[in-house]
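The values are calculated or read from the model by the stated rules, or taken from the named source; none is laboratory data. None of the values given here were measured: they were computed from a predicted structure. Virtual Cβ from ideal backbone geometry, glycine too; neighbours counted across all protein chains shown.
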Amino acid sequence: MQDIADKLGISKGTVSLVLSGKAKGSRVSEEMCLKVKQTADEMNYYPNEIARSLSLGMTMSIGVIVTDISNEFFGNLTFHIQERAKKYGYTVIITNTNESLEEFNNAVTILLNKQIDGIIFVPVAGGQKIVEKIMKRHLPMVQIDRYFPDIKSSYIIVDNYKISVEVTELLIKKGYRRIAAVCYDINLNALTERRQGYIDALNRYELLDPALIKNINYADQEEEIKRAIIDLKNNPNKVDAIFFCSRRVFITGVKYMHKEGIKIPEEMEVVCFDKIDSFSIANIPINYIEQPIKKMGEKAVDILMEQINGANDITQYVFDAEIKHFS
């Protein structure tokens, strides 16, 4: 900044005002602001973010932890979080856990060491103690997609139980009686509530067959989903439909349905929990559950910013999801 000031014959303070965006309303003319910015570009000036964060006491960055960035749901969610954060002048550091406690712990440690101003995260099963590390720092945080009930903090989720009941009842009302479910065997409320909604809806109509519930281990999911599809195909009593409790399970499941020659929907109807953009070109009639991803991401950032600005309120939102149909 001193070099720019010397070249233009002005004070370093004037250069600082312009480059920090604070010159508006000061005595610095628009012409001089333009000269400062042009000279800064010519001299390849970049602000020292470390020095700036030390002077402000803030890094103007937030952390985001998701479980699987390759999952379309989490990819879209982080996109909307980033876009909203930009409007507040914040950058976003994104990390991925693969449903691993060790990776969740590493992600939290890395973000804390980077002195982020707040964190939005998707919980990993068994990760309560790790979250306590964030709370001990008194760092603003928002849980998203899932939450730990024993931890008092803000969260953004959808009503997984309610929409799972609704979609199961939709299949029943279409005349299906043998309805299977393929779900991750992960002890987190978003996933357990989807399974429980399916179970309760079938119990209400006295249609539940526990043998049609396929609980999938996340680490061995490819092989376990394949085995689940083969088991359902070979069930002595024909299976009418399958409720896939997440996007990734659905994609793998449908792949093996095709390999096993199962025609959709003629032989088995399918339902996916989450929208998949490629549905539109798949030419298969599919019911799916659409979550309000944009609204969830934006609200998470809004709540986090309120906390960063000093709010102490715990804000918890439960949004409704919708059943949609591609035909």
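Residues to consider are Gly89, Gly75; find the one that is surrounded by fewer than 20 Cβ atoms within 10 Å (Cβ to Cβ) and within 21 Å of Ile276 (Cβ to Cβ).
Answer to the check: Gly75.
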**Complete:** By residue number, the members of region 157-185 that are under 30 Å from Gly297 (Cα atoms) and assigned to a loop (DSSP other than H, G, I, E, B) are Asp159, Asp185
**Prompt:** When only residues in region 204-245 that are among the polar types (S, T, N, Q) and under 31 Å from the mean Cα position of the chain (by Cα) count, which is farthest from Val270 (Cα to Cα)?
**Reply:** Asn217
**Residues of region 154-174 that turn out to be more than 22 Å from Gln143 (Cα to Cα), in contact with an Asp or Glu (Cβ under 8 Å, 6 or more places away or on another chain) and not basic (Lys, Arg), as a count** = 2
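From the list Lys214, Lys233, exactly one residue is modelled with pLDDT of 95 or more, over 19 Å from Asn287 (Cα atoms) and crowded, with 20+ Cβ neighbours inside 10 Å. Which is it?
Values: Lys233 fails: crowded, with 20+ Cβ neighbours inside 10 Å.
The conditions single out Lys214.
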**Message:** Go through region 100-118 and report how many residues are farther than 23 Å from Thr192 by Cα and out of contact with any helix residue (DSSP H, G or I) (no Cβ under 6 Å at 6 or more places or on another chain).
**Reply:** 10
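Per-residue answers, yes or no, for (1) touching a residue at least 12 places away in the same chain (Cβ under 8 Å); (2) more than 19 Å from the chain's Cα centre (by Cα); (3) part of a helix (DSSP H, G or I):
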| site | (1), (2), (3) |
| --- | --- |
| Ile4 | yes, yes, yes |
| Thr14 | yes, yes, yes |
| Lys24 | no, yes, no |
| Lys35 | yes, yes, yes |
| Thr78 | yes, no, yes |
| Ile81 | yes, no, yes |
**Request:** Of the conditions (1) modelled with pLDDT of 95 or more; (2) touching an Asp or Glu at 6+ places or on another chain (Cβ under 9 Å), Asn71 clears all except one; give me its number.
**Result:** (1)
**Prompt:** Of everything in region 129-156 that's part of a loop (DSSP other than H, G, I, E, B), among the hydrophobic types (A, V, I, L, M, F, W, C) and surrounded by 17 or more Cβ atoms within 10 Å (Cβ to Cβ), which residue is nearest to the chain's Cα centre (by Cα)?
**Reply:** Phe148
**Message:** For the structure I just gave you, tell me whether Ile308 is closer than 26 Å to Arg195 by Cβ and among the β-branched types (Val, Ile, Thr).
**Reply:** no
**Message:** So Thr252 ticks every box in (1) among the polar types (S, T, N, Q); (2) surrounded by 17 or more Cβ atoms within 10 Å (Cβ to Cβ); (3) over 23 Å from the mean Cα position of the chain (by Cα) but one. Which box is left unticked?
**Reply:** (3)
**Prompt:** If you scan region 106-128, which residues turn out to be surrounded by fewer than 16 Cβ atoms within 10 Å (Cβ to Cβ) and farther than 21 Å from Ser246 by Cα?
**Reply:** Asn106, Thr109, Ile110, Asn113, Lys114, Gln115, Gln128
**Request:** Output the qualifying pairs, or none if there are none: Cβ atoms under 8 angstrom, residues six or more apart or on different chains, first residue in region 252-265 and free of Cβ contacts under 8 Å to residues at least 60 places away in the same chain, second residue in a loop (DSSP other than H, G, I, E, B) and of a type in the set (D, E, K, R).
**Result:** none
